[in-house]
Amino acid sequence: MKAGLTPTEALKAATSLPARRFGLIDRGRIVNGARADLLLVKDDPTSNVSDTLFIQPVWRQGVRLTTI
C-alpha cells in the first residue's frame, strides 16, 4: 500500500482499467471471447501485490509459452 492502492486496486490499474480506458474490450478480463493472454503467479496477489513478481506459467493467445 506504499502507493496508496490496495493490492486489488493495483492489479486493476495494471489490467482491466487501462484495457477499458483504451477500448480494448477483449483484454483485461478473464471471460469467454477475450484474448487468451494470461500469466499465473505464485500465492495471492490480491493479498500481497509483490506476489506478482513470482511468475509461473504464461499463455499468449491461448498457447502456453515454454519460456518467458
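Read the figures in this text as sums done on the coordinates, not as results from a lab. All figures in this text were calculated on a predicted structure; none of them were measured in a lab. Cβ placement follows ideal geometry from the backbone for every residue including glycine, while neighbour counts extend to all protein chains displayed.
For Leu39, nonlocal amide neighbours, meaning residues 5 or more places apart or on other chains whose placed amide H falls under 5 Å from its own, are Trp59. Taking Leu17, Leu53, Leu38 in turn, the Gaussian network model of the chain (Cα-Cα springs below 10 Å) assigns the largest fluctuation to Leu53. Placing a label point 7 Å from the Cα of Leu38 along the Cα-to-Cβ direction, the residues of the stretch 46-68 with a backbone N closer than 17 Å are 46, 55-66. Put a plus charge on the Cβ of each Lys and Arg, a minus charge on the Cβ of each Asp and Glu, and nothing anywhere else: the dipole of the stretch 7-65 about its Cα centre is then about 300 debye.
Here the relative contact order of the chain, from alpha carbon pairs under 8 Å that lie six or more residues apart, stands at 26 percent.
Within 9 Å, Cβ to Cβ, of Gln61, how many net charges do the neighbouring residues add up to if Lys/Arg are +1 and Asp/Glu are -1? Mind dumping the intermediate values first?
Details: positive: Arg35, Arg60; negative: Asp37.
Neighbour charge sum, excluding Gln61 itself: +1.
Between Thr66, Ala19, Leu39, the Cα set farthest toward the positive side of the dipole of the chain (charges on each charged residue's Cβ, about the Cα centre) is that of Ala19.
With runs of 4+ DSSP H residues as the only contributors, calculate the mean residue ellipticity of the chain at 222 nm using -39,500 (n - 2.57) per run, divided by the residue total and rounded to the nearest 500.
On the way: 2 runs with 14 residues, N = 68.
Result for the chain, helices only: -5000 deg cm²/dmol.
Only one item in (i) 4.6; (ii) 5.1; (iii) 5.5 matches mean projected area of the Cα convex hull in nm² derived from the coordinates shown, and that item is (ii).
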